[in-house]
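Take a look at the structure below.
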Amino acid sequence: MSKKIDNTHNKFRAKLEKLLEGTDIFFNGENPWDISVYNPNLYERILTQGSLGLGEAYMDGWWDSDQLDELFNKFCSAQVKSRVMLDPQSIKNGLWAYFINRQSKHLVSHIVKHHYDIGNDLYRLMLDARLTYSCGYWKEAKTLDQAQEHKFDLICRKLNLQPGQRILDIGCGWGSFMKYAVEKYDVSCVGITLSSEQIALCRELCADLPIEIRFADYRDLNETFDHIVSIGMFEHVGYKNYSRYMKIARRCLKDDGLFILHTIGNNKTVISVDPWIDKYIFPGGMLPSIKQIAKAIEGKFVMEDWHNFGADYDKTLMCWFENFSENWVTIKDNYDDRFFLMWKYYLLSCAGAFRARGNQLWQIVLSKNGVRGGYFSVR
């Protein structure tokens, strides 16, 4: 009986090894990025359940890799996913996204709570000093704190912020951008979020500053601002809502104002996200493509500038993981070992994907009617 089981395991392993040809990835190999197999049922689980099975098997302790980030860099660089048939969960997610608006107003609060309300202590220990949960700008930065401040200053300069202006931050997080803009450029801000945990801490951090924090959905907005920013929020909007989102942004922007959309981007047009990410990290999330964004802004905005610094997300994620790992002992009583593996897998697999340039990070500057005399790009 055991021989028959071994033969079955070997058959599934052989199929996977064929898929991995040319990737420099091996099972139980000597490279730091190779996959160490602790449960031989892993091979069948990957073949039948795809990326969801791979991620859940990692959380279950069925396998490990000394260099998860580089493993996923090689996975993505070789486009291994394109070599396999869609797994059942991917098909289900695609159909669900096609027939249902997963990011509708009555569903989106669940998405936010799942990820952003899991504990401010976790984010305090993982992120930079300003609590910035988006890609840093590493052009001249040496540390995570510098990279995030440089990113904020880049945005402020792209907007040409002037004292006294009123800025809207859609998806303001813990208020890091607003606090920076107020302190450095003497503006006032209104920020919206659907995370109760973020609001509580944001109001504490921004106390006595001209910053208003609202528990609100972007679809509730109906007033005008000098400029608008949206930093790392568009990934939760969903393709069925892109056009409406842009209509609302246009409605809320003064005629001579600018709107900066800072978002992770996909090289291909899709309508759902990776099944493991969807289940454990960002339910209902999805990464927009150039085509999807272009369709949404057509007739509503003039695209003044499109800046890609996606490679910088690799460095940002690696810093987040280093902080998370080093500080785990401080917060581990609030979670469990499975959460640690889940978060490690999330941060390092994403770092690998950005390293392979499978995902991008775009800052797009939009105006309502075109900047008179032309817009001069800031880098």
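Here Leu287, Leu347 are screened, and the one residue that is in contact with a strand residue (DSSP E or B) (Cβ under 6 Å, 6 or more places away or on another chain), hydrophobic (A, V, I, L, M, F, W, C) and either crowded, with 19+ Cβ neighbours inside 10 Å or at pLDDT 95 or above (or both) is Leu287. Only one entry of Val270, Val190, Val182, Val237 meets the criterion of being of a type in the set (Val, Ile, Thr) and in contact with a helix residue (DSSP H, G or I) (Cβ under 6 Å, 6 or more places away or on another chain), and that entry is Val237. Looking at the range 41-86 only, could you name the residues that are part of a loop (DSSP other than H, G, I, E, B), closer than 13 Å to Leu16 by Cα and out of contact with any Phe, Trp or Tyr (no Cβ under 8 Å at 6 or more places or on another chain)? Passing the criteria: Val84, Met85. Is the range 153-161 home to any residue that is touching a residue at least 24 places away in the same chain (Cβ under 8 Å) and surrounded by fewer than 14 Cβ atoms within 10 Å (Cβ to Cβ)? Yes, there is a match, as at least one residue in the range 153-161 is touching a residue at least 24 places away in the same chain (Cβ under 8 Å) and surrounded by fewer than 14 Cβ atoms within 10 Å (Cβ to Cβ).
Exactly one residue out of Arg214, Arg203 is in a helix (DSSP H, G or I), surrounded by fewer than 22 Cβ atoms within 10 Å (Cβ to Cβ) and among the basic types (Lys, Arg), and it is Arg203. Is there a residue in the range 316-323 that is out of contact with any helix residue (DSSP H, G or I) (no Cβ under 6 Å at 6 or more places or on another chain), crowded, with 16+ Cβ neighbours inside 10 Å and farther than 30 Å from Gly164 by Cα? Yes, there is a match, as at least one residue in the range 316-323 is out of contact with any helix residue (DSSP H, G or I) (no Cβ under 6 Å at 6 or more places or on another chain), crowded, with 16+ Cβ neighbours inside 10 Å and farther than 30 Å from Gly164 by Cα. Condition (residue is of a type in the set (D, E, K, R), assigned by TED's automatic domain parsing to the domain that holds Ile281 and closer than 28 Å to Ser325 by Cα) applied to the range 162-175: is it met by at least one residue? Within the range 162-175, not a single residue is of a type in the set (D, E, K, R), assigned by TED's automatic domain parsing to the domain that holds Ile281 and closer than 28 Å to Ser325 by Cα.
Here's the yes/no breakdown for (1) modelled with pLDDT of 95 or more; (2) outside the structural domain of Gly173 (by TED's automatic domain parsing); (3) in a helix (DSSP H, G or I):
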| site | (1), (2), (3) |
| --- | --- |
| Arg251 | yes, no, yes |
| Ile271 | no, no, no |
| Gln292 | yes, no, yes |
| Ala296 | yes, no, yes |
| Trp306 | yes, no, no |
| Leu317 | yes, no, yes |
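Given the condition surrounded by 14 or more Cβ atoms within 10 Å (Cβ to Cβ), farther than 21 Å from Met318 by Cα and either in contact (Cβ under 8 Å) with a residue 24 or more places away in the chain or among the polar types (S, T, N, Q) (or both), answer yes or no: does some residue in the range 29-37 qualify? Yes, the conditions are met somewhere in the range 29-37. The residues on offer are Glu212, Glu235, Glu197, and the sole one that is in contact with a strand residue (DSSP E or B) (Cβ under 6 Å, 6 or more places away or on another chain), over 24 Å from Gln165 (Cβ atoms) and not hydroxyl-bearing (Ser, Thr, Tyr) is Glu235.
The values are calculated or read from the model by the stated rules, or taken from the named source; none is laboratory data. Keep in mind it's a predicted model, so treat the numbers as computed, not measured. Because the Cβ atoms are built from the backbone with ideal geometry, glycine has one as well, and the counts that use them run over all protein chains shown.
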